[in-house]
Each structure stands twice: as C-alpha cells, then as structure tokens.
Amino acid sequence: MRSPTRPFKTRPVRRLAFLLFALLLAAAALAATGLLTAARPADVAVVLGNTVQADGRPSPRLAARLDRAYDCYAASQCRILFVSGGVDPAGADEAAAMRDYLLARGVPADRIVTDSAGVDSWTTARHASAYMREHGYTRALAVTQYFHVPRTLLALRRQGVADVSGGYPRFFEWRDLYSVFRELPAMAWYALRPL
C-alpha cells in the first residue's frame, strides 16, 4: 500500500528537476544566441577588455578578442576599433594594452579609440554609444566571448545603438561553462537596470 505522504515528498524533487531543466535550457539558449549571432559590417568594433598579464601583454583570451577585431578591420568590415577596459589594482590598463597590441599588428593609431574607464560591460556600452553619437556613427560590432555577446548587444541597444551585431573569437576554455550560467542573472539585470 502506497504511503499517503509520498506525493508530498516528490513535489520538491519535481520542482527542483524542473528548475534545473529550465536553467539548462536558458543557458543553452544564451550560448546558442551568442554563437549564432552574425557579425555585420560596422562603423565601430567595440572590443571589451579582459585580463592583462603581469608583463603588460593581453591574456590569451583578450588577445583572441583583439585578433577578431583586427580581422574585422583588415577586411574593411569596421572603421574604428573602440577598445575598452579598466585599470586593475596593480595599475595594468586593459585599454592601453589592447591599443598597443593592435598598433603592433599594424592598425593605425587614428583608428583606435581607448576607453580606460570601461570597468564593466554596461559602462563600456555607455562610453561607446556616447563616442558613436559624437561622431555620427550608427553601426556597432560587439567583440567579446560568445557567451558574453548577448549581454553586450543588450547593453549597447539600451544605450541607444540600434544597429548592433556581435563577433566572437574562436577561443574556448572550460571556464566558459561556468561563464554561460553566470551570464543568466547578468542578462536579467541588464534588461531591468535603469539607464
């Protein structure tokens, strides 16, 4: 004979299973959105910063983003490379390191705009959109990791850049799995946060 309390014990398990399934589905949708976003020609490629090594060189992840932006520039698919990042506690300036990397690859200095106050994606989007308005540019290409593309597109759109697409480097790490899940609450916050 079945215990009358058994259905009550299985409800929390079912709810948990449903929540886990919903979380996995949302993470898969976010990753797919980033991976399937097609890069379009743009006036400005907005390259988001990342770790700078102790010797001042971009980390492999950041170098991959910069190489993706360089390819865009070299193919005449974007006119300006807007590199944005913060200054870490040790004094490493992400945007300056990004500029130096692109200069070494042969991008003319007048085609690189540095934003050393881009401490997060929202701030970068605000600074990039302000720069674009000042110069009459309307099309942006967000260059970052695939899982970060959807949130960056959202941030740029919320800051007034209507024509925006995304490009990501072919650079993958195991930590991307964690990063995909981390993006879910960040996306919700960017959708709701005040301007």
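Which members of segment 19-41 meet the condition of being farther than 12 Å from Leu153 by Cα and β-branched (Val, Ile, Thr)? None - no residue of segment 19-41 is farther than 12 Å from Leu153 by Cα and β-branched (Val, Ile, Thr), so the list stays empty.
Taking the options Arg133, Arg61, Arg57, name whichever one is out of contact with any helix residue (DSSP H, G or I) (no Cβ under 8 Å at 6 or more places or on another chain) and more than 28 Å from Gly160 (Cβ to Cβ). Working first, answer last.
On the way: Arg133 fails: more than 28 Å from Gly160 (Cβ to Cβ); Arg57 fails: out of contact with any helix residue (DSSP H, G or I) (no Cβ under 8 Å at 6 or more places or on another chain).
Exactly one of Arg133, Arg61, Arg57 is out of contact with any helix residue (DSSP H, G or I) (no Cβ under 8 Å at 6 or more places or on another chain) and more than 28 Å from Gly160 (Cβ to Cβ), namely Arg61.
Within segment 55-70, the set of residues being among the acidic types (Asp, Glu) and either surrounded by 18 or more Cβ atoms within 10 Å (Cβ to Cβ) or touching a residue at least 60 places away in the same chain (Cβ under 8 Å) (or both) comprises Asp67 only. Hey, any hits in segment 125-139 for a residue that's open to solvent by 60 Å² or more (accessible area, probe 1.4 Å) and in contact with a Ser or Thr (Cβ under 9 Å, 6 or more places away or on another chain)? So far as segment 125-139 goes, yes, one or more of its residues are open to solvent by 60 Å² or more (accessible area, probe 1.4 Å) and in contact with a Ser or Thr (Cβ under 9 Å, 6 or more places away or on another chain). Counting only residues that are without any contact (Cβ under 8 Å) to a residue 60 or more places away in the chain and closer than 18 Å to Arg65 by Cα, segment 178-195 holds 1 of them. The condition (being surrounded by fewer than 19 Cβ atoms within 10 Å (Cβ to Cβ) and touching an Asp or Glu at 6+ places or on another chain (Cβ under 7 Å)) is satisfied by just one residue among Val87, Val52: Val87.
A single member of Val107, Val180, Val113 is at pLDDT below 95, of a type in the set (A, V, I, L, M) and buried (at least 16 other Cβ atoms within 10 Å of the Cβ), and it is Val180. Can you name the residue in segment 1-26 that is of a type in the set (Gly, Ala, Ser), assigned to a helix (DSSP H, G or I) and more than 18 Å from Pro150 (Cα to Cα) and is also modelled with the highest pLDDT among such residues? Residue satisfying both the conditions and the ranking: Ala22. For Arg170, the stated conditions do not hold, so it cannot be described as surrounded by 20 or more Cβ atoms within 10 Å (Cβ to Cβ), among the basic types (Lys, Arg) and touching a helix residue (DSSP H, G or I) at 6+ places or on another chain (Cβ under 8 Å). Looking across segment 27-49, just one residue is open to solvent by less than 60 Å² (accessible area, probe 1.4 Å), assigned to a loop (DSSP other than H, G, I, E, B) and hydrophobic (A, V, I, L, M, F, W, C), and that is Ala39.
Residue count for segment 53-93 under the criterion of being charged (D, E, K, R), part of a strand (DSSP E or B) and more than 15 Å from Val119 (Cβ to Cβ): the result is 1. Within segment 71-84, the set of residues being open to solvent by 50 Å² or more (accessible area, probe 1.4 Å) and small (Gly, Ala, Ser) comprises Ala74, Ala75, Ser76.
The values are calculated or read from the model by the stated rules, or taken from the named source; none is laboratory data. Note that the coordinates shown come from a computational prediction; the quantities given were computed from them, not determined experimentally. Glycine also receives a Cβ, built like all others from the backbone with ideal geometry; neighbour counts cover every protein chain displayed. Side chains included, ligands, DNA and RNA excluded: accessible areas come from the protein's heavy atoms. Shrake-Rupley method; radii C 1.70, N 1.55, O 1.52, S 1.80 Å.
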